[in-house]
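Below you'll find the structure, written out as C-alpha cells, and then a few comments.
Nothing in this text is a laboratory measurement; each read-out follows from the coordinates by a stated rule. Because the structure is a prediction, the values reported are computed rather than measured. When we count neighbours, we look across all protein chains shown, and the Cβ atoms used for this are built from the backbone with ideal geometry, even at glycine.
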Amino acid sequence: MAVLLAVFIPVLMLGVVLAMGRYEDLMLPGTPPPSADPEPAATAELPRTP
C-alpha cells in the first residue's frame, strides 16, 4: 500500500501543476499582439565598421 502511495503522489502532483497552468492560461488575459508597424529604430540598419 505504501509503495502505491509513493508512486501515485508524484503523478497526481504533476497533474495538479499542469491543470493549474492550464487554468491560468484560460482565466488570465493574454498579452496583446505586437503592432503591425515596427518602430523605426528597430528597422534601421547599424553602420558597419571597416
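Label-to-label distance, A36 versus A2, with points set 7 angstrom from Cα along the beta-carbon direction: 6.6 nm. Were the residues from V11 through E24 laid out at 0.36 nm apart, the gain over their Cα-Cα distance would be 2.7 nm.
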